[in-house]
Amino acid sequence: MSNWARGRNGSRRRGLETGRVLLFLVMFSVAVPAWCRQVAMRAGVAPAESALPDAAQIQATAQVARDQATTGSIHGTVVDKDGSVYEGAKVQLTQEGASARTATSDSNGQFQFSGVAAGAFQLAVSSSGFGTQTVSGALQAGESHEVKAVVLAVTSTTDVRVNASQVEIAQEQLRQEEKQRVFGVIPNFYIVYDPHAAPLTSKQKFNLAWKSLVDPVTFLGVGASAGIEQATNEFKGYGQGAQGYGKRFGAGYTDGFTNTMIGGAILASWWKQDPRYFQKGTGTVRSRVLYAIAMSVMCKGDNGHWQVTYAAMAGGLASGGISNLYYPAADRNGVGLTFENFGIGLGDGAIQNLIQEFVIRRLTPHVPKYGASKP
């Protein structure tokens, strides 16, 4: 075969091969996309064309954009007078020409309103036992407006009685009192700086006694006292060592427990007397001194009248009598010692009242700011 013939035959073969390749590519370009669509449909995947927004979607998106251009949001935090976040406060949003909306502060004291029309607004923040606080402002379109922290304050007893029960008022005041600590550490729960504080219920008297008795500082104080007694070998019958210290600690804590629980809770509930000391706070020094001394044998009844403090005195006598059951025999002098300790207790109470009247308030942070005391 000539070179020309061989070349021609070779060209024909290359032409056929080229045609086959082109045909294969055309078929591949048609078959593969169709196969991919079938696979996607079997897998539940919508074709790519469906991902394109239809007219309704476009209109909805445009409406959202228009709403965002004419509305905004309002958020803020509710706290009490000590700066602690307050949960459960009711927040009402009002705007001219719009229905009022309400929200409740969460566990972080926060509240939020979204989709608020631009313009002037007013917030009213309220909670049982507190005065209503109002906040006004103006919201710009698209703005996320943060309201300055709203501080709730306890209203006077006269104002609160309209909206809250005596029990609710007493509970809120008691909550404030339980934050009172000398130097921010030592419990000072049994002192009242509001001359018109609501009376406590029996449950509240027991809760106050228990909170005082289980406070860590109470245990530290008893422990320190027991250590001093052991160092001076007081109550020799208890001996020394860990056993002796444990007995002194137990006796000291039981003394405080029986006195507080019997006089400040059980008998105070029975005779309806308030176990707390009401600071006078105003008047001449002489009048305040006489008041503090008198309060060692007087107290305020749940009816608001001053009475002889039968509950505290009977509680002291009962506690002294019970102590004869666990103090060493050598330190038990029967009824004589009980009444002797009772007299000493009255004197100690007068001294403690004087210190409360003139000193302790200055050393106690977080004192509720009630109305001024009356002479």
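For this structure, a couple of remarks:
- Hey, A350 modelled with pLDDT of 85 or more and touching a helix residue (DSSP H, G or I) at 6+ places or on another chain (Cβ under 7 Å) or not: yes
- Tallying residues that are within 20 Å of K300 (Cβ to Cβ) and in contact with a helix residue (DSSP H, G or I) (Cβ under 8 Å, 6 or more places away or on another chain) within the range 178-202 yields 15.
- Test: residue in the range 208-215 that is more than 28 Å from V308 (Cβ to Cβ) and of a type outside the set (A, V, I, L, M, F, W, C): yes
- Hits in the range 113-136 - residues which are surrounded by 15 or more Cβ atoms within 10 Å (Cβ to Cβ), closer than 16 Å to V78 by Cβ and out of contact with any helix residue (DSSP H, G or I) (no Cβ under 6 Å at 6 or more places or on another chain): F113, L123, A124, V125, S126, S127, F130, G131, Q133, V135
- Just one of (1) over 35 Å from the mean Cα position of the chain (by Cα); (2) modelled with pLDDT of 95 or more fails for F257. It is (1).
- Top-ranked residue of the range 62-107 - restricted to ones that are among the basic types (K, R) and over 15 Å from V135 (Cα atoms), ranked as modelled with the highest pLDDT: K81
- Helices (runs of 4 or more DSSP H) enclosed by the range 265-363 - at least 2 residues per element that are without any contact (Cβ under 8 Å) to a residue 24 or more places away in the chain and among the hydrophobic types (A, V, I, L, M, F, W, C): 285-294, 334-355
- Qualifying residue in the range 177-195 (condition: in contact with a Phe, Trp or Tyr (Cβ under 6 Å, 6 or more places away or on another chain), of a type in the set (V, I, T) and farther than 12 Å from I74 by Cα): yes
- Of all residues in the range 188-236, those satisfying the criterion of being aliphatic (A, V, I, L, M), part of a loop (DSSP other than H, G, I, E, B) and in contact (Cβ under 8 Å) with a residue 24 or more places away in the chain are A197, A198, L200.
The values are calculated or read from the model by the stated rules, or taken from the named source; none is laboratory data. Predicted, not measured: the structure shown is a model, and the values here were computed from it. Counting neighbours? That spans all protein chains shown, and the Cβs are built from the backbone with ideal geometry, glycine included.
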